[in-house]
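In what follows, a structure is listed as structure tokens, so that the remarks can point back to it.
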Amino acid sequence: MDRAIKIPVSSPSIDKSDISSVTECLESGWISSMGGFVEKFQENFSSYIGKKYGVATNSGTTSLHLALAALGLKKDDEIIMPTFTMIATINAAEYLGLKVKLVDADLETWNMDLNDLEEKVSENTKAIMPVHIYGHPENMEIIEKIAKKYNLWVVEDAAEAHGAEAFGKKAGSFGDISSFSFYANKIITTGEGGIAITDDPNLSERMIWLRAHAFGRGGKHFWHEELGYGYRMSALQAALGVSQLGRIDKFVAKRREFARIYNENLRELQEAGKISLPVEKPWAKNVYWMYSILVKDGYRDKLMEYLANKGIETRTFFYPVHRQPYYSSRYGNLHFPIADRISIEGMNLPSGNSMSNEQVFTVTNEINNFFSKEVG
Ligand SMILES: *Cc1c(COP(=O)(O)O)cnc(C)c1O
């Protein structure tokens, strides 16, 4: 059977404005991080989210690491985060030797379960790192309340949620520092890249300093009082970011339209108890970074195989952190039944910026075919 991919799970949209922005950068000769594009991207992106300062980096992983380092978090400080997330969330804490308290997932939103969050806070807890999984925002009102009560930093991992909203405010506008990724499959892309945004001028300045090797201040250039990093974003990446940001509302609207079509055409399968569809809480705007479903009764892998044979690429959900070989010796004996369950049942359907509505119909038709032909 022909298994060439006809509908990729995610594909970026690169248009003439992107090409001319990057070309302008190349022609200017300023291709490292100087020349203005990085500053422009930082300003435009942070004001789109609603924060004062942006510090662009070479990935979403490095922006998370930079954020935690700038807060002064150090070995054995505790940080609370979900076990159901992409590995970079916990890796950023691991680089600094932090102690991580993992939390199970919520069965509806797939975000961190906030029900007993307060019980996870200890004397050593310094920060909470919520993650807006697959584009649905975490309930930031609850997070902020607990953070305030126990005087904790909030670092949002908003890598998957550009443009999402909770209670009318953008994901990434809540935390002391918020981090985004601009990897090629994210809602806007710089190829590789990330940004840490904040309202605090001191944190911003500290991140800018640490981002570029913590170079000596006061004229002593190659002199380093602290451990810095090589985490700068290049102007070429920022030039792409500036033009991509110009189309972000279009990309978000597109994904929400895909979700509407997916929901409409898959609702009967949900009603029949065969799958679960993603939710959008009444206080939330979901940007459906990856439109995702849970498949019941062990049919997920068969459905993925069926779709692959039709040229439709899909992904499994993340494996939870506590199951990862690198982390399982520390967390593998903990009990996170929801995260375990969704990682077995969950799959991402195609939802890239360059997809068409017709392709969404093709996917939903094939999913419906699978359940009527193969499952019955
Ligand atoms: C993509 C992603 C990251 C990391 O971003 P990179 O740019 O690939 O380093 C971090 N956290 C989450 C939740 C992500 O989805």
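Quick notes on this one:
- Rounded to the nearest 10 square angstrom, Asp297 shows an accessible area of 130 square angstrom against a 1.4 Å probe.
- Global form of the stretch 275-346, assessed from the alpha-carbon gyration tensor, a/c cut-off 1.5: oblate
- Heavy atoms of Arg3: accessible area, 1.4 Å probe, square angstrom to 10: 120
- Packing here is the average count of other Cβ atoms within 10 Å per residue, and on that basis the peptides 38-46, 61-69, highest first, run 61-69, 38-46.
- With coordinates expressed along the principal axes, the C-alpha atoms belonging to the stretch 112-154 extend over 32, 18, 15 Å, beginning with the largest.
- Cα-based values for the stretch 149-238, radius of gyration first and Dmax second, are 15.4, 47 Å.
- Fully extending the segment from His221 to Asp199, taken as 0.36 nm per residue of separation minus the present Cα-Cα distance, adds 5.1 nm.
- Phi angles across the stretch 91-102 convert, under the Karplus curve 6.51 cos²θ - 1.76 cosθ + 1.60 with θ = phi - 60°, into 3J(HN,Hα) values of 4, 4, 6, 5, 4, 9, x, 6, 8, 9, 9, 8 Hz, Gly and Pro given as x.
- Karplus-derived 3J(HN,Hα), 6.51/-1.76/1.60, for each residue of the stretch 180-188, Hz, glycine and proline x: 10, 10, 10, 4, 4, 9, 7, 5, 10
- Panel values: the chain, Kirkwood radius from alpha carbon pairs, Stokes-Einstein at 25 °C and 0.890 mPa s, translational diffusion coefficient 115 µm²/s.
- Reported to the nearest whole Å, the Cα centre-to-centre distance from the stretch 205-256 to the stretch 121-178 is 21.
- Gaussian network model of the chain, Cα within-10 Å springs - most flexible of Met355, Met290, Met34: Met34
- The GluC sites (Glu not before Pro) of the stretch 217-272 that meet both conditions, a loop assignment by DSSP and at most 16 other Cβ atoms within 10 Å of the site Cβ, are Glu225, Glu226.
- Applying a DSSP loop filter and a limit of 16 other Cβ atoms within 10 Å to the chymotrypsin sites (Phe, Trp or Tyr not before Pro) in the stretch 218-255 leaves Phe222, Trp223.
- Among Ile338, Ile146, the order of accessible area from largest down is Ile338, Ile146, computed with a 1.4 Å probe on protein heavy atoms.
- Taking all Cα pairs closer than 8 Å and separated by 6 or more residues, the relative contact order of the stretch 252-376 comes to 33 percent.
- When the helices of the chain are scored as -39500 (n - 2.57) per DSSP H run of n ≥ 4 and the total is divided over every residue, the value at 222 nm lands at -11500 deg cm²/dmol.
- Three-way shape label, the stretch 61-160, alpha-carbon gyration tensor, a/c 1.5: oblate
- Over the stretch 186-238 - Rg/Rh using Cα atoms and the Kirkwood inverse-distance radius: 1.04
- Considering only His162, Ser329, Thr83, and ranking their Cα positions along the charge dipole of the chain that arises from unit charges at the beta-carbon of Lys, Arg, Asp and Glu, the one farthest toward the positive end is His162.
- Within straight-line cross-link reach of Lys169, lysines at Cα separation under 19 Å, skipping those fewer than 8 residues along the same chain: Lys51, Lys52, Lys145, Lys148, Lys250, Lys281, Lys285
- Estimated inter-spin distance, Lys281 and Glu94, nm [label 7 Å along Cα→Cβ]: 2.8
- With the highest mean first, a sort of the peptides 303-311, 346-354 on other beta-carbon atoms found within 10 angstrom per residue produces 346-354, 303-311.
- Taking Thr89, Thr362 and ordering them by how much accessible surface each has at a 1.4 Å probe, largest first, produces Thr362, Thr89.
The values are calculated or read from the model by the stated rules, or taken from the named source; none is laboratory data. Worth saying up front: this structure is predicted, and the values here are computed from it rather than measured. Every residue, glycine as well, gets a Cβ built from its backbone with ideal geometry; the counts of neighbours run over all protein chains shown. Surface areas here come from the heavy atoms of the whole protein model, side chains and all, with no ligands, DNA or RNA. Shrake-Rupley method; radii C 1.70, N 1.55, O 1.52, S 1.80 Å.
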